[in-house]
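Below: the structure, in structure tokens.
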Amino acid sequence: MRDDLLVLARDLRVKFTTGVNAVNGVDFDLRQREVLCILGESGSGKSVTLRALMRLNPPTKTIMSGTLELGGRDVVQASENEMSDLRGPFVSMIFQEPMTALDPVFTIGRQITETILRHENISRRKARRRALELLELVQIPSAKRRLDAYPHELSGGLRQRAMIAIALSCRPKLLLADEPTTALDASVQIQILLLLREIQQELGMGMIFVTHDLGVAGEVADRIAVMYAGRFIEEGPVADLMRQPLHPYAKGLLGATVHEGSRGKRLTTIPGAPPDLRDLPGGCAFAPRCTEAEGACLAHLPELRTPVPDRAARCIHVDDRPAAFGERLAS
Amino acid sequence: MLLYTLRRILYAVPIALAVSLVCFMLVHIAPGDPIDAILPPDASAETVALVRKDYGLDKPLPVQFGLWLAHVVQGDFGRSIANRRLVADELVSAASKTFILATTAASLGFVIGCILGGLAGAFRGTLIDRAAVSFAVGGVSVPHYWLGMVLVIIFSVTLGWLPSMSAGPGDWAWDWLHIRHLILPAITLSVIPAGLVTRTVRGVVVEILSQDFMTTLRGKGLRRLMLTVHVMKNAAPTALAVMGLQLGYLMGGSILVETVFAWPGTGMMLNQAIFQRDIPVLQGTTLVLAMIFVALNLLVDLIQTALDPRMRRT
């Protein structure tokens, strides 16, 4: 295995004891400095996948199976202690709602330093100095004063910056972001996105970004994975995927969103609703809503097909002969 | 924070005034003439009038209230009608005894409640949880004079380990001679606050554990001990609020238990004063207890504000 591989997931599955099959076989790799965006609607399993990477889903209610390795360490089998050693210095996460994701009765400074002190053997004073540097790194104005501020004393944008500072406190190799801009004003959203991308490049982190917003995905990602009913149904480089989606669901998503290519076209909707994750159909989970569906779609779960290197889609209509793909592009 | 403290203390003044008016009026609204308790039934009309004048009971009520308040502010609660002793002296001695009993019972209840409630919340749905909740329901429901008598039967009468009466010889001291008198009444009184605190803490802990920030904290790699510190600091304001109110109730509400154990505190004093229609004692005791309650509420508010930064804004 190459040692710059941060994440290796093979047939990763997450099931809840309530009977919900949230993640149903996800395969992907993530290398250093790479940004992967997981795109999907609510309930597609993208947040659960992200939390599974840190094993943060409720421990007593979650059953994980398949292979998942972070920097070569087995996450499925690791003890809780081993996991907590990874959380912080190797991998950390930014959450969607900074108001509820920060402890309301501890200062921002304390919430950063406690992470540093947990993982590194340095003095309280040094940890505090690092906390100040982190607040400056995430461009919080008058950082020194904000160290002693409580979360409720900050605006939404500043709070999310503080959240990022906490996530970065032990210089993780892998940063996970769970819709980090969804709860923010549109003008603040773009600032946070730019900040995240800037910091990711500066620190050379790998990043996995979960969103339901195509625009956000296009802004930050190198690669996009489209998720539906707990599976990656399409994966590829961001520009290619947005220019020419392969899977009917990905096409539908692009058709339903305002983006550069949609100027002058009518927006379309995807009919129907996502399937019940307690009782998934046997074949392609999207088939009941798909305009191109045929009998074979329901018979078996379609294999991932690779029409060109680096791109893959889980649809029987995708021709995995490179020549045929070229013809279709030409036509 | 200082400004807030001063303002809260200022707010307490009208409350205290209103409380003292109510204390004064209650005794006069209640049926029965205090003179009847002092003089034999066949006393002559002149004697009655004389005694009435002597105690100031012949003046109009507002004047009586004004006079009483003026004295009370100077720490003069008058003399007991029944035994002619200074009410203030009696009160100090009784209130200190009650204070010892109430704080011991409250601390005991608080510690038990926090431990049981915390465990129940952390292990929700398990056997531990069900045992703790059953204890809480039992603790709140059991009549404590009954529990007191049962404890006396077991530990004093049958086993003969602990005394069942009084607060020990002479002045109070924290030695075994006195503490052994404290054990049974303190346990009896602690059961209700222990039950209430268990229930409250359990609810709060369950709620805190389901909060998003707990996932963040786990995501930072914090160990169980550090997570517990976070849970405790978040739960503390609520737990303390419940405890403060309970301490207030215990300061005034232990009439039954103090009577069962013959503990010479305010509860027993009130009990006697009621039966003897000893108005100065009744008024003084009620007022002091009410004031302690007001002061405790104030204290709880201030501690809560100190613990929870979100409450400091107003």
Test: residue in segment A:73-87 that is modelled with pLDDT under 90, in contact with a Cys (Cβ under 8 Å, 6 or more places away or on another chain), under 30 Å from A:Gly156 (Cβ atoms) and within 8 Å of another protein chain (Cβ to nearest Cβ): no
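Scanning segment B:224-238 for residues that are hydrophobic (A, V, I, L, M, F, W, C) and either within 17 Å of B:Phe110 (Cα to Cα) or within 28 Å of the chain's Cα centre (by Cα) (or both), which turns out modelled with the lowest pLDDT?
Start the filter on segment B:224-238 by keeping residues that are hydrophobic (A, V, I, L, M, F, W, C), which leaves B:225-227, B:229, B:231-232, B:235-236.
Now narrow it down to the ones that are either within 17 Å of B:Phe110 (Cα to Cα) or within 28 Å of the chain's Cα centre (by Cα) (or both): B:231-232, B:235-236.
On the way: B:Val231: 92, B:Met232: 91, B:Ala235: 91, B:Ala236: 88.
Out of the qualifying residues, it is B:Ala236.
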Whichever residue in segment A:144-163 is open to solvent by 40 Å² or more (accessible area, probe 1.4 Å) and of a type in the set (D, E, K, R) and, among such residues, is farthest from the other protein chains (Cβ to nearest Cβ): A:Lys144
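Please report, ordered by residue number, the helices (runs of 4 or more DSSP H) entirely within segment A:232-331 with at least 2 residues that are touching a Gly at 6+ places or on another chain (Cβ under 7 Å) and at pLDDT 80 or above. If you could, list the steps in order and put the result at the bottom.
Numbers: elements: A:238-243, A:248-255, A:295-299, A:322-330.
The helices (runs of 4 or more DSSP H) meeting that bar are A:238-243, A:295-299.
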Residue in segment B:75-95 that is open to solvent by 60 Å² or more (accessible area, probe 1.4 Å) and at positive phi present: yes
Residue under evaluation A:Lys173, criteria (1) open to solvent by 50 Å² or more (accessible area, probe 1.4 Å); (2) more than 19 Å from A:Leu30 (Cβ to Cβ), criterion not met: (2)
Every residue from segment A:100-112 that is open to solvent by 10 Å² or more (accessible area, probe 1.4 Å) and within 26 Å of the chain's Cα centre (by Cα): A:Thr100, A:Pro104
Qualifying residue in segment A:79-91 (condition: among the small types (Gly, Ala, Ser) and in contact with a strand residue (DSSP E or B) (Cβ under 9 Å, 6 or more places away or on another chain)): no
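In the list A:Ser84, A:Ser169, A:Ser65, A:Ser92, which residue meets the criterion of being part of a helix (DSSP H, G or I), over 22 Å from B:Arg310 (Cα atoms) and among the hydroxyl-bearing types (Ser, Thr, Tyr)?
On the way: A:Ser169 fails: part of a helix (DSSP H, G or I); A:Ser65 fails: part of a helix (DSSP H, G or I); A:Ser92 fails: part of a helix (DSSP H, G or I).
Step by step, each of A:Ser84, A:Ser169, A:Ser65, A:Ser92 is checked, and only A:Ser84 is part of a helix (DSSP H, G or I), over 22 Å from B:Arg310 (Cα atoms) and among the hydroxyl-bearing types (Ser, Thr, Tyr).
Please find, among A:Gly66, A:Gly45, the residue that is away from every other protein chain (no Cβ under 14 Å), open to solvent by 30 Å² or more (accessible area, probe 1.4 Å) and either closer than 21 Å to A:Leu304 by Cβ or within 19 Å of the chain's Cα centre (by Cα) (or both). Break it down stepwise before answering.
Values: A:Gly45 fails: open to solvent by 30 Å² or more (accessible area, probe 1.4 Å).
That would be A:Gly66, the only listed residue that is away from every other protein chain (no Cβ under 14 Å), open to solvent by 30 Å² or more (accessible area, probe 1.4 Å) and either closer than 21 Å to A:Leu304 by Cβ or within 19 Å of the chain's Cα centre (by Cα) (or both).
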Segments classed as helices (runs of 4 or more DSSP H), wholly inside segment B:1-98, with at least 3 members that are within 20 Å of B:Thr285 (Cα to Cα) and touching a residue at least 60 places away in the same chain (Cβ under 8 Å): B:2-29
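So, A:Gly218, is that one more than 19 Å from A:Thr49 (Cβ to Cβ), open to solvent by 10 Å² or more (accessible area, probe 1.4 Å) and within 20 Å of the chain's Cα centre (by Cα) or not?
Values: more than 19 Å from A:Thr49 (Cβ to Cβ): yes; open to solvent by 10 Å² or more (accessible area, probe 1.4 Å): yes; within 20 Å of the chain's Cα centre (by Cα): yes.
Yes: the conditions hold for A:Gly218.
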Residue in segment B:201-233 that is farthest from the other protein chains (Cβ to nearest Cβ), counting only those that are among the polar types (S, T, N, Q) and open to solvent by 20 Å² or more (accessible area, probe 1.4 Å): B:Thr228
Output for segment A:10-19, where each listed residue is modelled with pLDDT of 90 or more and either open to solvent by less than 50 Å² (accessible area, probe 1.4 Å) or within 22 Å of A:Gly215 (Cβ to Cβ) (or both): A:Leu12, A:Val14, A:Phe16
Filter result (in contact with a helix residue (DSSP H, G or I) (Cβ under 6 Å, 6 or more places away or on another chain), open to solvent by less than 70 Å² (accessible area, probe 1.4 Å) and more than 15 Å from B:Ser80 (Cα to Cα)) within segment B:34-68: B:Val48, B:Phe65
Filter result (of a type in the set (S, T, N, Q) and not in a strand (DSSP E or B)) within segment A:16-30: A:Thr17, A:Thr18
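Residues in segment B:260-280 that are touching a residue at least 60 places away in the same chain (Cβ under 8 Å) and either within 19 Å of B:Gln304 (Cα to Cα) or open to solvent by 10 Å² or more (accessible area, probe 1.4 Å) (or both): how many?
So the first thing to find is which residues in segment B:260-280 are touching a residue at least 60 places away in the same chain (Cβ under 8 Å), and the list is B:260-269, B:272-273, B:276-280.
Cutting the leftovers down to either within 19 Å of B:Gln304 (Cα to Cα) or open to solvent by 10 Å² or more (accessible area, probe 1.4 Å) (or both) gives us B:260, B:262, B:264, B:268-269, B:272, B:276-277, B:279-280.
Total meeting the criteria: 10.
Is it the case, given these coordinates, that B:Gly195 is part of a helix (DSSP H, G or I), among the small types (Gly, Ala, Ser), open to solvent by 10 Å² or more (accessible area, probe 1.4 Å) and more than 14 Å from chain A (Cβ to nearest Cβ)? Please lay out each step first, then the result.
Details: part of a helix (DSSP H, G or I): yes; among the small types (Gly, Ala, Ser): yes; open to solvent by 10 Å² or more (accessible area, probe 1.4 Å): no; more than 14 Å from chain A (Cβ to nearest Cβ): yes.
It is false that B:Gly195 is part of a helix (DSSP H, G or I), among the small types (Gly, Ala, Ser), open to solvent by 10 Å² or more (accessible area, probe 1.4 Å) and more than 14 Å from chain A (Cβ to nearest Cβ).
Conditions (1) of a type outside the set (D, E, K, R); (2) closer than 23 Å to A:Glu114 by Cα, marked per residue:
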residue: B:Thr188; (1), (2): yes, no
residue: B:Ile192; (1), (2): yes, no
residue: B:Val206; (1), (2): yes, no
residue: B:Gly221; (1), (2): yes, yes
residue: B:Arg224; (1), (2): no, yes
residue: B:Met232; (1), (2): yes, yes
residue: B:Val242; (1), (2): yes, no
For B:Ile153: the one exception among (1) modelled with pLDDT of 90 or more; (2) open to solvent by 70 Å² or more (accessible area, probe 1.4 Å): (1)
Of residues in segment A:91-118 being over 17 Å from B:Val229 (Cα atoms) and not aliphatic (A, V, I, L, M), the one nearest to the other protein chains (Cβ to nearest Cβ): A:Thr100
A:Gly19, sole failed condition from (1) on the phi > 0 side of the Ramachandran plot; (2) within 18 Å of the chain's Cα centre (by Cα): (2)
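Scan A:Arg159, A:Arg145, A:Arg197, A:Arg223 and give me the residue that is farther than 24 Å from A:Leu39 by Cα and in contact (Cβ under 8 Å) with a residue 40 or more places away in the chain. Let's see the steps before the verdict.
Values: A:Arg145 fails: in contact (Cβ under 8 Å) with a residue 40 or more places away in the chain; A:Arg197 fails: farther than 24 Å from A:Leu39 by Cα; A:Arg223 fails: farther than 24 Å from A:Leu39 by Cα.
Being farther than 24 Å from A:Leu39 by Cα and in contact (Cβ under 8 Å) with a residue 40 or more places away in the chain holds for just one of A:Arg159, A:Arg145, A:Arg197, A:Arg223, which is A:Arg159.
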Unmet criterion (only one of (1) open to solvent by 20 Å² or more (accessible area, probe 1.4 Å); (2) modelled with pLDDT of 90 or more) for B:Thr158: (2)
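The values are calculated or read from the model by the stated rules, or taken from the named source; none is laboratory data. Since this is a predicted model, take the numbers as computed values, not measurements. All Cβ positions, glycine included, derive from the backbone under ideal geometry; neighbour counts span all protein chains shown. Just so you know, the surface numbers come from the protein's heavy atoms only, side chains and all, with ligands and any DNA or RNA stripped out. Shrake-Rupley method; radii C 1.70, N 1.55, O 1.52, S 1.80 Å.
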